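Colleague: One structure is given below, represented as structure tokens, and several questions about it will come after.
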Amino acid sequence: MRTALVAAIKRTPSGNLRAELMLGGRSVLAWQIELARELGCERVVCICEGPADEVLAQQKWVESEGREFHAVRGNIHLTGIMRANDELVLIADGLVPDREAVHALMPDEGELRRGIWTIAAGHELAESFPEDFERIDRDRHWAGIAVMKAGKVQELADLPQDGDAMSLLLRLALQARTKCHALSSDSLEAGRWLLATSQAALEEREQDLITANAPAAPLSAPLQAVADAIVRETAPRWLDKGAERSAVASIVLLSAGVALSALGQGMWGLGVAALGAFAGQLSGSWARMRSALWSRRANVQIERALVLATDLLCTAALVLALSMVSTSLPLISLALLAILLSRTVGKGCANSQLSAGTAIWRDRAVHMAIFALAAVFGVLPEALAVFALGATVQLMLREQAY
């Protein structure tokens, strides 16, 4: 079994636990545990002073995924839960390495390489935080990541129980002649190897992460671009529950729009439906941002279900609004035709030159806003006909491009 050893012991100068500092909407400890999951660790052991709220929260998350979590208070407790044939991944207290940097270092034909990762003695991290990035020899310091045999944990029983478990295990691994690997300069640049010594130290990295991972729709999809901008400017706030709350608001508003259209208030119903469609797009933006930052894949089935529900409710609102004008089946079918055609065009195209042109067909909030405005001026059937014609032309242009 592969086990990750993390810690929630060291504190910042202001007295806060490093593990509880926030980066991108979640704690440093959560970042480390997710990194351990990506590295194939089936069990997480956290050395802590007591059952802190954040430690308990992470235990709940790890166990909900079917993995093991153990919170231990002393070195002697480690010896009772480790087996000699286990593989142990050490992650230093407060270390937040870039995921891509770690993945580039660790895999060896799909398997983790055992070893101790090091930085040069003259590196800024080694000089600024010598207690965290311990000296190994004259030229090298520990980089805060190591993979070793867990059998060495049993030797902790013969060492001082008040010693730092990470430091002691590092020394035991060195005595066992575990191979050392130097971090590349690329892995250490621009804050990719970060130690959470204060909240201020994390803020710049947080902004870099948000900027790099924020969704950005082209301006040809204006309301989708607005939704992306809202997520980009407000993250990491609402990152945890923003997608779910926006999805609920979307369904409520869309249902209200259908109800208003059924009561003969077509223009108001379409307007409220436009707000509901925008809330749905906001939900998608939150989900994509969270998936990128937290490396947890967005639930594709839920996202598709929300898009489908949005289109069905928008179609219902349009049909009911048109029925106030005429009950003619060909006229009412315009609503279904317009939505279906826009879905087909909006599925995208492999040709990047057409991406901006197809983006507008995915912006359901803009569509419903246009239809609401058309209803105000009494030209809703004409607007739907022109809309469907435009989608048809776009499909024809796409076929010619191929």
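Colleague: Give the residue that is farthest from Leu202 (Cα to Cα), with candidates limited to residues of region 8-34 that are open to solvent by less than 10 Å² (accessible area, probe 1.4 Å), modelled with pLDDT of 90 or more and in a strand (DSSP E or B).
Modeller: Ala8
Colleague: Would you check which residues across region 142-158 are under 32 Å from the mean Cα position of the chain (by Cα) and open to solvent by 10 Å² or more (accessible area, probe 1.4 Å) and list them? Outline the logic, then answer.
Modeller: Just the residues of region 142-158 that are under 32 Å from the mean Cα position of the chain (by Cα), to begin with: 142-150.
Answer for region 142-158, where residues must be under 32 Å from the mean Cα position of the chain (by Cα) and open to solvent by 10 Å² or more (accessible area, probe 1.4 Å): just Lys149.
Colleague: Would you mind finding the one in Gly390, Gly378 that is surrounded by fewer than 20 Cβ atoms within 10 Å (Cβ to Cβ), modelled with pLDDT of 90 or more and assigned to a loop (DSSP other than H, G, I, E, B)?
Modeller: The unique qualifying residue is Gly378.
Colleague: Go through region 185-207 and count every residue that is assigned to a helix (DSSP H, G or I) and within 22 Å of Asn16 (Cβ to Cβ).
Modeller: Final tally of qualifying residues: 10.
Colleague: Could you check region 243-269 and list, in sequence order, the residues that are assigned to a helix (DSSP H, G or I) and more than 21 Å from Leu308 (Cβ to Cβ)?
Modeller: From region 243-269, those assigned to a helix (DSSP H, G or I) are 243-262, 266-269; that's our starting set.
Residues satisfying the conditions are Leu260, Gly266, Met267, Trp268.
Colleague: Can I ask one more? If I ask for residues that are in a strand (DSSP E or B), over 20 Å from the mean Cα position of the chain (by Cα) and in contact (Cβ under 8 Å) with a residue 40 or more places away in the chain, which ones from region 66-109 would you list? Spell out how you get there, then give the answer.
Modeller: Filtering region 66-109 down to residues in a strand (DSSP E or B) leaves 68-72, 87-91, 95-97, 107-108.
Retained after the next criterion (residues that are over 20 Å from the mean Cα position of the chain (by Cα)): 68-72, 87-91, 107-108.
Correct list: Glu87, Leu88, Val89, Leu90, Ile91.
Colleague: Those residues that are open to solvent by less than 50 Å² (accessible area, probe 1.4 Å) and under 34 Å from the mean Cα position of the chain (by Cα), I need them from region 159-172; list them, please. Give the derivation first.
Modeller: Start the filter on region 159-172 by keeping residues that are open to solvent by less than 50 Å² (accessible area, probe 1.4 Å), which leaves 163, 165-170, 172.
Those that are open to solvent by less than 50 Å² (accessible area, probe 1.4 Å) and under 34 Å from the mean Cα position of the chain (by Cα): Ala165, Met166, Ser167, Leu169, Leu170.
Colleague: If you take the residues in region 177-191 that are modelled with pLDDT of 80 or more and surrounded by 13 or more Cβ atoms within 10 Å (Cβ to Cβ), which one is nearest to Arg237 (Cα to Cα)?
Modeller: The extreme case among them is Leu183.
Colleague: Could you pull out the residue among Leu174, Leu168, Leu156 that is in contact with a strand residue (DSSP E or B) (Cβ under 9 Å, 6 or more places away or on another chain) and not in a loop (DSSP other than H, G, I, E, B)?
Modeller: On the way: Leu168 fails: in contact with a strand residue (DSSP E or B) (Cβ under 9 Å, 6 or more places away or on another chain); Leu156 fails: in contact with a strand residue (DSSP E or B) (Cβ under 9 Å, 6 or more places away or on another chain).
Within the list Leu174, Leu168, Leu156, the selection yields Leu174.
Colleague: Oh, and also: What single numbered condition from (1) surrounded by fewer than 18 Cβ atoms within 10 Å (Cβ to Cβ); (2) touching a helix residue (DSSP H, G or I) at 6+ places or on another chain (Cβ under 6 Å) fails to hold for Ala71?
Modeller: Going through (1) surrounded by fewer than 18 Cβ atoms within 10 Å (Cβ to Cβ); (2) touching a helix residue (DSSP H, G or I) at 6+ places or on another chain (Cβ under 6 Å) one by one, Ala71 breaks only (1).
Colleague: Where the second residue is among the aliphatic types (A, V, I, L, M) and not in a helix (DSSP H, G or I) and the first is over 21 Å from Leu275 (Cβ atoms) and lies in region 209-232, which pairs have Cβ atoms under 6 Å and are six or more apart or on separate chains?
Modeller: As it stands, the answer is Ile210/Ala235, since those pairs meet every condition given.
Colleague: So, one more: Any residue at all in region 118-137 that's among the hydrophobic types (A, V, I, L, M, F, W, C), closer than 16 Å to Thr3 by Cα and surrounded by 13 or more Cβ atoms within 10 Å (Cβ to Cβ)? Let's see the steps before the verdict.
Modeller: Narrowing region 118-137 to residues among the hydrophobic types (A, V, I, L, M, F, W, C): 119-121, 125-126, 129, 133, 136.
Still in the running and closer than 16 Å to Thr3 by Cα: none.
No, region 118-137 contains no residue that is among the hydrophobic types (A, V, I, L, M, F, W, C), closer than 16 Å to Thr3 by Cα and surrounded by 13 or more Cβ atoms within 10 Å (Cβ to Cβ).
Colleague: Sticking with this one: Among what's in region 35-59 and is aliphatic (A, V, I, L, M), in contact with a Leu (Cβ under 9 Å, 6 or more places away or on another chain) and over 12 Å from Phe69 (Cβ atoms), pick the residue that is surrounded by the most Cβ atoms within 10 Å (Cβ to Cβ).
Modeller: Top of the filtered list is Ile47.
Colleague: Given (1) of a type in the set (S, T, N, Q); (2) within 27 Å of Leu17 (Cβ to Cβ); (3) open to solvent by 30 Å² or more (accessible area, probe 1.4 Å), identify the lone condition not met by Asn85.
Modeller: It fails just one condition, (2).
Colleague: While we're on this one: Could you tell me which residue of region 207-257 is modelled with the lowest pLDDT, considering only residues that are out of contact with any strand residue (DSSP E or B) (no Cβ under 8 Å at 6 or more places or on another chain) and of a type in the set (Asp, Glu)?
Modeller: Asp208
Colleague: Identify the residue in region 42-65 that is at pLDDT below 90 and outside any helix (DSSP H, G or I) and, among all such residues, is nearest to Ala165 (Cα to Cα).
Modeller: Glu49
The values are calculated or read from the model by the stated rules, or taken from the named source; none is laboratory data. Remember, it's a predicted structure, so these values are computed and weren't measured experimentally. FYI the Cβ positions are ideal-geometry reconstructions off the backbone, even for glycines, and counts take in every protein chain you see. To get the accessible areas, we keep the full protein, side chains included, count just its heavy atoms, and leave off ligands, DNA and RNA. Shrake-Rupley method; radii C 1.70, N 1.55, O 1.52, S 1.80 Å.
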